[in-house]
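The values are calculated or read from the model by the stated rules, or taken from the named source; none is laboratory data. None of these values were measured; they are calculated from a predicted model. Here the Cβ is made from the backbone with ideal geometry for all residues, glycine too, and neighbour counts use every protein chain on show. To get the accessible areas, we keep the full protein, side chains included, count just its heavy atoms, and leave off ligands, DNA and RNA. Shrake-Rupley method; radii C 1.70, N 1.55, O 1.52, S 1.80 Å.
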Amino acid sequence: MVVHLLRYQDHDRASWGVLTGDTISPLSGDYPRTADLIEHGEPDWLAAARQPGDVSIADVAPLSPVTTPCRVMCQGANYRQHAIESGMDPDARDFNLFFDKTDAAVTGPCTPVIRPAHVTLLDYEIELALVLRRTVDAPTTITDENLHDYVFGVTVANDLSARDVQLPQGQFLKGKSYRGFCPLGPVLAVLEPDDVGLLDDLELRLEVNGSPRQIDNTANMLYRPAETLTELTEFCNISPGDVLLTGTPHGIVAGSPPPIIRRLATALLPEQKLWAAFVKRQQRRPYLKPGDVVTASIRNAAGTLDLGTQRTTIVAPTA
């Protein structure tokens, strides 16, 4: 059985509980870090899962189920249709694309996000996030059969991205790491060994102001969690409570011209003018602006694995 954990603010205290429907059964222990919960909290959440909830989710504020400091690692173009809209041939891909975000970007599932004053091309990217279970400091072979030993649970992520920084400057880290650019939660679903197969059939859905923008299924991933984590351990250490964002589906705002057009433009225009034209053209598209509300949810059709819904309001910086 999947246990749905929620980290929440109750008065002045951050607490953990098991969420069932709209009620929370609080955990008795204190777990300041997600790593503390992973390493020591299992008896507590199993006991809480057997008790009826006595806290209404309407009375508390959900927090990110991933505490900082942590590593935030990411995959790019990992869904078939998104690879196509990014100008790639998914059937000719011979590498898994990795990048990262700083943990300054991590925020809660309902916390307003400031669009920096210099950013006009703020894009959304719903992603399934894997919350990692154990320390790995050497290359390790991870399979579907032992994936549970390395993945503690899953949650919803939104890889918010400043395209007018990321693309013209060639800086993924900077363009994707402004404060608040990684809403996580609300629910952290703990996976038992028999639950791992559920990751192969989850629907991701993102809306802006109630209008659908991204809808896809994890069945359409190009590189799946076990092979991705195996490769990741070749060049990156991981620790309990670290996060891997597994890529976004199609439907982002940023558009990519066909490769032949990009080559011609590069040959005819200086790079600075090329990117200035790109930004000007992209500003006509429906990027996120202050006042927009982004909702993001991930669940399976049966409802046995439901990660809840993020609700992120985009706001302007204060004077």
Taking a ≥ b ≥ c as the square roots of the eigenvalues of the Cα gyration tensor, with a/c under 1.5 meaning rounded and otherwise prolate when a/b exceeds b/c and oblate if not, the chain is prolate
Among Gly180, Leu128, Ala162, whose Cα sits farthest toward the positive end of the charge dipole of the chain (+1 at Cβ of Lys/Arg, -1 at Cβ of Asp/Glu, about the Cα centre)? Ala162
Which cross-chain or sequence-distant (5 or more) residues have an amide H under 5 Å from the amide H of Leu204, H modelled 1.01 Å from N in plane? Asp216, Asn217, Thr218
Simple SL model, points at 7 angstrom along Cα→Cβ for Lys280 and Glu192; separation in nm is 6.1
Ellipticity estimate at 222 nm from DSSP helix runs (n ≥ 4, -39,500 (n - 2.57)) divided over the chain, nearest 500: -5000 deg cm²/dmol
Rounded to the nearest 10 Å², what accessible area does His4 have for a 1.4 Å probe in the complete protein model? 30
With a/c under 1.5 counting as rounded, go ahead and sort the stretch 153-266 into rounded, prolate or oblate using the C-alpha gyration tensor (a ≥ b ≥ c being the square roots of the eigenvalues; past the cut-off, prolate if a/b is larger than b/c, else oblate). prolate
Let me check against my output: what whole-number percent is the relative contact order of the stretch 3-62, with C-alpha pairs under 8 Å and at least 6 apart? 39
Comparing Arg50, Arg179, Arg299 in a Gaussian network model of the chain (Cα, 10 Å), the one with the largest mean-square fluctuation is Arg50
For the stretch 16-31, what does the Karplus curve 6.51 cos²θ - 1.76 cosθ + 1.60, with θ = phi - 60°, yield as ³J(HN,Hα) per residue in whole Hz, taken in order and with x for Gly and Pro? 10, x, 9, 9, 10, x, 10, 10, 10, 9, x, 7, 7, x, 10, 10
Could you tell me which helices of the chain pass both thresholds, a Cα extent of 15 Å or more along their own axis and a mean Kyte-Doolittle hydropathy of at least -1.0, with helices taken as whole DSSP H runs? 271-282
Please give me, ordered by residue number, the chymotrypsin sites (Phe, Trp or Tyr not before Pro) of the stretch 94-159 that lie in loop per DSSP and have at most 16 other Cβ atoms within 10 Å. Phe95
Over the stretch 72-315, what relative contact order in percent results from Cα pairs under 8 Å that are six or more residues apart? 32
Comparing Arg284, Arg33, Arg224, which has the greatest mean-square fluctuation in the GNM of the chain with Cα pairs linked when under 10 Å apart? Arg284
GNM on the chain, Cα springs under 10 Å; top mean-square fluctuation among Met221, Met88, Met73 goes to Met88
